[in-house]
Every structure is written in C-alpha cells, then in structure tokens.
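Student: To start, I am sharing the structure in question, which I have written as structure tokens.
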Amino acid sequence: MHANLVELEKIKVGAVSYLNTKPLLFGIKRSEELMGRMELIEEYPSKIARMLVENKIDVGLVPVTVIPKLSEWHIISDYCIGADGDVASVCLFSEVPLEKIDKILLDYQSLTSVNLCKILLQRYWKKDVLPEDAKEDFRSQIKGTTGGVVIGDRALEQRTISTYIYDLGGAWKAMTGLPFVFAAWIANKKLPGDFVHLFNEANAVGLQNINDVIAENPFTAYDLKKYYTQNISYPLTDEKRKGMEKFLELLEEQ
C-alpha cells in the first residue's frame, strides 16, 4: 500500500518532447531529488495542454493559449520557451511568396503557433487566406499555393526543403515590438514551495551547460548552438510577460 501511496503523491509534470526543451529538462532529469518527487511525461504541445486542462497532470510546459481554459493557473518558473525575434522552429513554409498562397495547413501539434499565425495573417500580413487544421503527415502537402505552419524539430528540417520561410517569432516582433512566449511552465494548482524552488533552479542548469546539451542531442538539420543561444530565448522577463499579455488580448479579439 505504502508504495502505491508514494506513487500517487508524485507531481505529474508534462513537457514538450522537442529539441527546444532539452536545455530546460537537462537539469531536471539530473536532479535525483526532483525526479524522486515527480513523474515526467513528454508529448507534443497541444496534447500536454489538453492534459493540464483535464487535470491529468499538475504542471506542464504548455502553450500560453491554454491559460484562458484553466480555472486556476500559476507560472512556476523564471524560464520559458520564448523568442525575441526569429525563433527558427515556428514558421509558415511555402513554395511561393505569401501573396500567392491560397491555403495554409496548420500544425496539429500546436495551439499557440496556429493562433499566432491567424493573428499575423489578419493584422500584420493583412492576408485573407483559408486556414485548415492539418492531419499527421501534412508536410508533403506543402506545395504549389498551399503553405503550412510547422513547429518544433520538424520545422528545423522543413527549413532545408521550403523555398519561402516566414518566421512567426520575427513577424510578431516586427508587428508589436515585443518578444513572444510560445510556452511557459504552468501549474493548475498551488504546488509546494520547496518543489517550485528546486524546479526553477534545475531549469537553469542546462542553460549554463549548453555545449553538453548539444552533445547529448545530435542534430544535423540546424545549428543547435545558434538555436539555443540566438533563436530561443529562455528567461521569462517582464518584456516577455508583456508580449504574452498582448497575445492573449489579441486572441480574445479573434
């Protein structure tokens, strides 16, 4: 009985299984104390978000679009998946220039990015185009006048395929002057203070050991040193919080 009880008391933590989370998970996975107190579940962003809303996990590195769906929420870390300009791994890809695209396939793995694309189409690019929710193997359909929003590691691969790349992080910065938060560590309940403190400290370890993170995750499609130090911006600053609030405001107006 006792073993089961301990298991039930573990804090369920959901994290995105993409390369961009590896620096944040580097220290978490190396902390025996933390790993002893939590169960780590790795999935794609929209699935982690759904699990948090349905109370199947206690905290998740989730797209910020999930916030309005939660009756209670707490950001529990000083780190996030953010960008202050081009993010490289969240882009609209196509074979033709934007003005010639007549349909855009939206990545099923994302919530925030597809909503960001809709906002940019309406307010920044001022383009009326048919967005369509994509199925699993949609990347092969990005051809002719059909574009597609691809996120994560697959977007880094898509960069080597598509002729035109419209970076959603860069477009957001150009439109608002603010950085963008793609995902933050959000809890749907109050978590123990000592756990939150430990968790926050562990988030920073990989960022202080980027070369070790890269060595552990060999990837040929894109320069990970550039990705981790120039594209993804991890500290959750006041400016990023402003960007997050602005995005949630615009989302409400959609």
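The values are calculated or read from the model by the stated rules, or taken from the named source; none is laboratory data. What you see is a predicted model, and the numbers here were worked out from it, not measured in a lab. Because the Cβ atoms are built from the backbone with ideal geometry, glycine has one as well, and the counts that use them run over all protein chains shown. With ligands, DNA and RNA removed, areas are computed over all heavy atoms of the protein, side chains included. Shrake-Rupley method; radii C 1.70, N 1.55, O 1.52, S 1.80 Å.
Student: Any residue at all in segment 182-189 that's more than 19 Å from the chain's Cα centre (by Cα), farther than 21 Å from Arg30 by Cβ and in a loop (DSSP other than H, G, I, E, B)?
Tutor: There is at least one residue in segment 182-189 that is more than 19 Å from the chain's Cα centre (by Cα), farther than 21 Å from Arg30 by Cβ and in a loop (DSSP other than H, G, I, E, B).
Student: Shifting gears a bit: Is one or more of the residues making up segment 219-233 closer than 26 Å to Ile11 by Cα and not in a loop (DSSP other than H, G, I, E, B)?
Tutor: No; the residues of segment 219-233 include none that is closer than 26 Å to Ile11 by Cα and not in a loop (DSSP other than H, G, I, E, B).
Student: Considering segment 145-159 alone, what residues qualify as being within 24 Å of Asp128 (Cβ to Cβ) and open to solvent by less than 30 Å² (accessible area, probe 1.4 Å)?
Tutor: Within segment 145-159, Thr146, Gly147, Gly148, Val149, Val150, Ile151 qualify.
Student: Also, I was wondering about something else. Are any residues in segment 34-47 open to solvent by 50 Å² or more (accessible area, probe 1.4 Å), modelled with pLDDT of 95 or more and assigned to a helix (DSSP H, G or I), and if so, which ones?
Tutor: Met35, Arg37 - these are the residues of segment 34-47 that are open to solvent by 50 Å² or more (accessible area, probe 1.4 Å), modelled with pLDDT of 95 or more and assigned to a helix (DSSP H, G or I).
Student: Same structure again: So is Gly206 modelled with pLDDT of 95 or more, of a type in the set (Gly, Ala, Ser) and closer than 29 Å to Glu99 by Cβ or not?
Tutor: Judged against the criteria, Gly206 is not a match.
Student: From the list Leu105, Leu116, pick out the single residue that is crowded, with 22+ Cβ neighbours inside 10 Å and in a strand (DSSP E or B).
Tutor: The unique qualifying residue is Leu105.
Student: State all residues of segment 128-144 that are part of a loop (DSSP other than H, G, I, E, B) and open to solvent by 40 Å² or more (accessible area, probe 1.4 Å); if no residue qualifies, say none.
Tutor: Matches in segment 128-144: Asp128, Lys135, Glu136, Asp137, Lys143.
Student: So, in segment 52-84, exactly how many residues are under 15 Å from the mean Cα position of the chain (by Cα) and outside any strand (DSSP E or B)?
Tutor: The total comes to 6.
Student: If you scan segment 10-33, which residues turn out to be in a strand (DSSP E or B), surrounded by fewer than 19 Cβ atoms within 10 Å (Cβ to Cβ) and modelled with pLDDT under 95?
Tutor: Within segment 10-33, none qualify.
Student: Would you pick out the residues in segment 182-200 that are surrounded by fewer than 18 Cβ atoms within 10 Å (Cβ to Cβ) and closer than 18 Å to Gly82 by Cα?
Tutor: Asn200
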